[in-house]
Amino acid sequence: MLAPMTDQTALADLEREIAVPGGGPDGLRLIAAPFVPEVRLHLAEDAILWWARMEAALGRSLPPPYWASVWAGGQALARHLLDRPELVAGRRVLDLATGSGLVAIAAALAGADAVTANDIDPYALAAVTVNARANGVTLAVSGDDLLDGEADADLVLAGDVLYDAGLAARMLPFLRRAAARGVAVLVGDPDRGHLAGEGLETVASYPVPTTEPSVDSPVRRVQVLRPG
Ligand SMILES: C[S@@+](CC[C@H](N)C(=O)[O-])C[C@H]1O[C@@H](n2cnc3c(N)ncnc32)[C@H](O)[C@@H]1O
């Protein structure tokens, strides 16, 4: 069971890690996202090793550190926003399930009026905080599970959030409700198998370099989609 922790605990843990960067694959390094080099992120060369080392050092369980890797869906969506800043300029943006904050940071760099980065993992919100600092942008963070409510934004972004059937079953209705209320919605998805029959419209497609261990090819085709 995960021990309860405050966002301040997670932030202090990550700030300590960053102050004394590890040289090995179980440490964090500030690097440019491969497909979005405008954005630098604190990432682990091997997130599983980082996770194991941190759990051993802290003596408690931690959530899986999704924030310590770049995801193909998030990279495609961030690239799309930076190449088309008119999609975000002057808008209030919500980045759902933000992980490292890559998409939220790209939205801020592209000229969004205000950006909220949302994730239920306190370590993701800590990572967003240190990554926003590293890129010189200001973001609001939210740790609430928003999926049973309504989006309070002009534009909702969702990068690589459909990796699990249960999450997709909650995420897709949330995105559809937002779109039905006139909120713009963009999803970055490398076809993780939970979109069949959902009727989303493809607006762009990118060949994204990936370091994910389960993928054979070094490049993964990623769609940017919106509710049709
Ligand atoms: C595969 S990562 C994608 C991160 C980021 N969007 C990107 O593309 O780089 C998925 C993220 O979803 C978050 N997550 C899972 N369930 C969530 C929920 N109900 N609300 C908000 N975030 C959630 C996880 O904590 C994780 O950070």
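Any read-out appearing in this document is the output of simple, stated calculations on the displayed coordinates, not a laboratory observation. These numbers were taken from a predicted model, which means no experiment stands behind them. In this analysis, Cβ positions are derived from the backbone assuming ideal geometry, glycine residues included, and neighbour counts consider all displayed protein chains.
Nearest 500 deg cm²/dmol is fine: what mean residue ellipticity at 222 nm does the chain get from its DSSP H runs of n ≥ 4 alone, each adding -39,500 (n - 2.57), divided by its residue count? Display every interim value, and only then the final one.
Working: 6 runs with 75 residues, N = 228.
After summing the helix terms and dividing by residue count, I get -10500 deg cm²/dmol.
Give me the percent of DSSP beta bridges within the range 72-227 that run antiparallel, rounded to the nearest 5.
Working: 13 of 29 bridges.
Roughly 45 percent of the DSSP beta bridges within the range 72-227 come out antiparallel.
If we count every other residue with Cβ under 10 angstrom of Thr98's Cβ, Lys/Arg +1 and Asp/Glu -1, where does the sum land?
-3
Which trypsin sites (Lys or Arg not before Pro) from the range 16-99 combine a DSSP loop assignment with at most 16 other Cβ atoms within 10 Å? Can you show the working numbers first?
Working: sites: Arg16, Arg29, Arg40, Arg53, Arg60, Arg79, Arg91, Arg92; in loops: Arg60, Arg91.
Answer by residue number: Arg60.
Using modelled amide H (1.01 Å from N, peptide plane; none on Pro or chain starts), what sits under 5 Å from the amide H of Leu146, excluding residues fewer than 5 places away?
none
Based on the inverse mean of 1/r over its pairs of different Cα atoms, what is the Kirkwood hydrodynamic radius of the chain, in Å? Write out the running numbers ahead of the final one.
Values: mean 1/r = 0.0568 Å⁻¹.
By the Kirkwood definition, the hydrodynamic radius is 17.6 Å.
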